[in-house]
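Contents: one structure, followed by commentary.
Just so you know, all these numbers are worked out from the coordinates, no wet-lab data involved. Since this is a predicted model, take the numbers as computed values, not measurements. No Cβ is skipped: glycine too gets one built from the backbone with ideal geometry, and neighbour counts run over all protein chains shown.
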Amino acid sequence: MNAPLYEGQTLAVTLGDGGVAELCFDNQADSVNKFNQQTVKELADALQALKSAANVKGLLVTSGKSVFIVGADIMELSQLDADGLSAVSKQNNANFSALEDLPFPTLVAINGFALGGGFEFSLGCDFRVMSTEAQVGLPETKLGIIPGWGGTVRLPRLIGFDNAVEWIASGSHKRPPQALKDGAVDAVLAPEQLRDEALKMLQRAIDGELDYHGRRKRKTSRLQLNAVELQLAATTCRALVAAKAGKHYPAPLLAVDLMTKAASLDRDGALVEESKAFGKIGTTPQCRAMIGLFLNDQYLGKVAKKLAKGVDKPVTSAGVLGAGIMGGGISYQHALKGVPVVMKDIAQPALDLGLSEANKLVNKRVAKGRLTPLKAGEILSRINPTLHDVELSGVDLVVEAVVENPKVKKQVLADVEQVIGSDAILASNTSTISITGLAEGLQRPEQFCGMHFFNPVHAMPLVEIIRGEKTADTTVAKAVSHALALGKKPVVVNDCPGFLVNRVLFPSVLGFDALLQAGADFQQVDRVLEKWGWPMGPAYLMDVVGVDIAVHALAVMSKGFPDRMASSEHSPLQRLFAAKRLGQKNGAGFYRYEADKKGKPKKLVDESVYELLGGGQPIEPHSFSDEEIIARFMVPMCTEMARCLEEGIVSSPSEADMALIYGVGFPPFRGGVFRWLDEIGLDTFCAMAEPLAELGPLYQPTDAMRAMANNSKTYYSAKEI
């Protein structure tokens, strides 16, 4: 019979037969276990109770949840300054060291996710056994911080310096085979065997068959590398991490430097250095931004799940109108997630292209070992290519993805509405055309909405769900539910030209176009903005997207917002289009493209384009500073994003920021447009915009932005970081 030794709200300790105590994490106030302030305090009390108890011979650590411990309470950490973060690190390190120093062997049975602080706690135990369904890891660098509760100290001593650098710098989750191979866990067991086998291993340690004292000595001593070995390992690892992380993400490199410094120290000395570094990195702008992204992503998920909760019947079959690259990508995503899909087009070559796209994506997964050939065949078998509308009669939802032409779309949508069931949802994948306008010819406009996937569909997380004037709430909910089922991040926005992402992106494209007209070198603009953090500069982006697509989108935006987005017919971008330089798709845009050895387009400089951009005459060059280029690109984006929030196109700064990050690759380390505005201050932004006001309304902050600046207001409250 188990006797209670300690009982709290987040964990409890009992003493069973044979002197085996069990510490079970089971937060009564939450669906998961995490290290919040209450858990930290209760753990300290529980460890003291264990240390003081008589007749305890060994400790088994378990979880009462389906996961083990997901890590720290990020919201609590986000409210702390450097001293507060260091203090939390010291408290947890004291707890985990007390666990490690208990006068009997300890073993943790990891039944689910043990991440961050959850895995650092596990490292404090003498032995670790892991379920085949569990994952472990230290993902802190993905939040702009470092492991601060012993991870940088114990992991290198357990699995070696090189392996520990890879685990910590990458921040990746490790599945059982890798964790066992690297030596981070001692055994991997089926879930139903986990507890019994864990108890058997613990008993072997109690009986002296397993040397837990030797394990402790290894974890509490200096790292077993001489000075030359350490220097060589540190130099090599630092170079690899620097090349991969880049200059905008300091946490991975700080972790390498910290582990190098701590290698010559014992456990307690190394932990002191870790606590200092944890406090330092935890207050950087990058950390604030990355933690903000984490919390925004959680908020996005909560909003979507709440909307989807009311859906009575999920989509079990779907249709895609229009094959080709985009249609093939949408069809593939359905098939990959187990949804049978009818891919319909009016031309066999288009169907062939769509199937080819799906085949290519499946084969890539097979080549990487992520799919077996048998599974790949099952996925492809879910795609039913057809030239006949009747095949769509039984599906629950149809996504229209034909050419971006309102007349064509209206006709196709009206035709398919006659074929599908009366309760089926109809959606358009349009990137710019008004959903309200497209619904004008439909008999059931309340069952019509936008579902804007981003290209390439398999890689881009975002799906904009666009609500037209007559779109029913139930339609939006079903579209959101379906996007979640496809593994996507849905953001609901209200209808307007360009919706949210393109409405906000194309003012910056206009800003770029105006820069070129004023004599800027597009290569310099690309370099500056890529250095600022964008994955590609605007010239390269236009080539990748397609100059023709960009020109079409600008026409839609110009018509929708003529007061501030009117574009010239003789702008540099229009001249490229007129010269049929469409970008990567035909080998020439701002840059020239040739296939590399792998068949991928390689970007090359083409000096002849400069005269073309000037309309046959070389553009009079003008030297712009980096700051001027950044301002002329970012100010239009920020002012338009502010308008979208003020007009209710998007519901919150969190959703707006995540849409740009997931949709166009806004630099994650800056946290999104609104997070960046908060970081630099709206007063600073208004001062940045002031010299550009004469360029037009796009460069002029809204009245609400100016009022917020005057009153030192921010878009995110302190509670939201």
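If R0 is taken as 56 Å, the Cβ-Cβ distance between Lys597 and Glu391 corresponds to a FRET efficiency of 0.85. For the chain, relative contact order (Cα pairs under 8 Å, six or more residues apart, normalised by length) works out to 9 percent. With the highest mean first, a sort of the peptides 91-104, 326-339, 18-31 on other beta-carbon atoms found within 10 angstrom per residue produces 326-339, 91-104, 18-31. Around the amide H of Met130, modelled in the peptide plane, lie the amide H atoms of Ile110, Ala187, Val188, Leu189, all under 5 Å away and 5 or more residues distant in sequence or on another chain.
When the pairs Lys302/Lys488; Lys313/Lys478; Lys41/Lys90; Lys244/Lys531; Lys142/Lys364; Lys306/Lys489 are compared against a 19 Å limit on Cα-Cα distance, Lys142/Lys364 fall above it. Other residues within the sphere of radius under 12 Å centred on the Cβ of Met326, judged by their own Cβ, net out at -4 (K and R +1, D and E -1). Pairs exceeding 22 Å between alpha-carbon atoms, taken from Lys65/Lys174; Lys410/Lys470; Lys34/Lys181; Lys360/Lys602: Lys34/Lys181.
For Phe35, the residues whose modelled amide H falls within less than 5 Å of its own, excluding neighbours fewer than 5 places apart on the same chain, are Gly71, Ala72, Asp73. Sorting the segments 74-87, 537-550 by their mean number of nearby beta carbons within 10 angstrom, highest to lowest, gives 537-550, 74-87.
Peptides 152-165, 217-230, 181-194 ordered by packing proxy, namely the average of other Cβ atoms within 10 Å per residue, highest first: 152-165, 181-194, 217-230.
Coupling constants for the stretch 592-602 follow from the phi torsions by the Karplus curve (6.51 cos²θ - 1.76 cosθ + 1.60, θ = phi - 60°), and in residue order they are 9, 10, 10, 6, 7, 4, 8, x, 8, x, 9 Hz; glycine and proline get x. Coupling constants for the stretch 649-660 follow from the phi torsions by the Karplus curve (6.51 cos²θ - 1.76 cosθ + 1.60, θ = phi - 60°), and in residue order they are 5, 10, 7, 8, x, 4, 5, 5, 5, 5, 4, 6 Hz; glycine and proline get x. Between the amide H of Met451 and those of Ser428, Asn429, Thr430, Ile466, distances stay under 5 Å, these residues lying 5 or more places away or on another chain, with hydrogens modeled in the peptide plane.
Over the chain, DSSP H runs of length four or greater, each weighted -39,500 (n - 2.57), average out per residue to a 222 nm ellipticity of -15500 deg cm²/dmol. Evaluating 6.51 cos²θ - 1.76 cosθ + 1.60 at θ = phi - 60° for every residue in the stretch 460-465, the Karplus couplings come out as 8, x, 6, 10, 7, 9 Hz, glycine and proline recorded as x. The calculated FRET efficiency for the pair Glu192 and Glu646, based on their C-beta separation and a Förster distance of 45 Å, comes to about 0.20. Any aspartates and glutamates with Cα under 19 Å of the Lys200 Cα? List them, leaving off those in the same chain fewer than 8 positions away. Lys200 reaches Asp17, Glu22, Asp126, Asp186, Glu192, Glu209, Asp211.
Each Lys or Arg adds one and each Asp or Glu takes one away; over the other residues whose Cβ falls under 14 Å from the Cβ of Asp83, this sums to +2.
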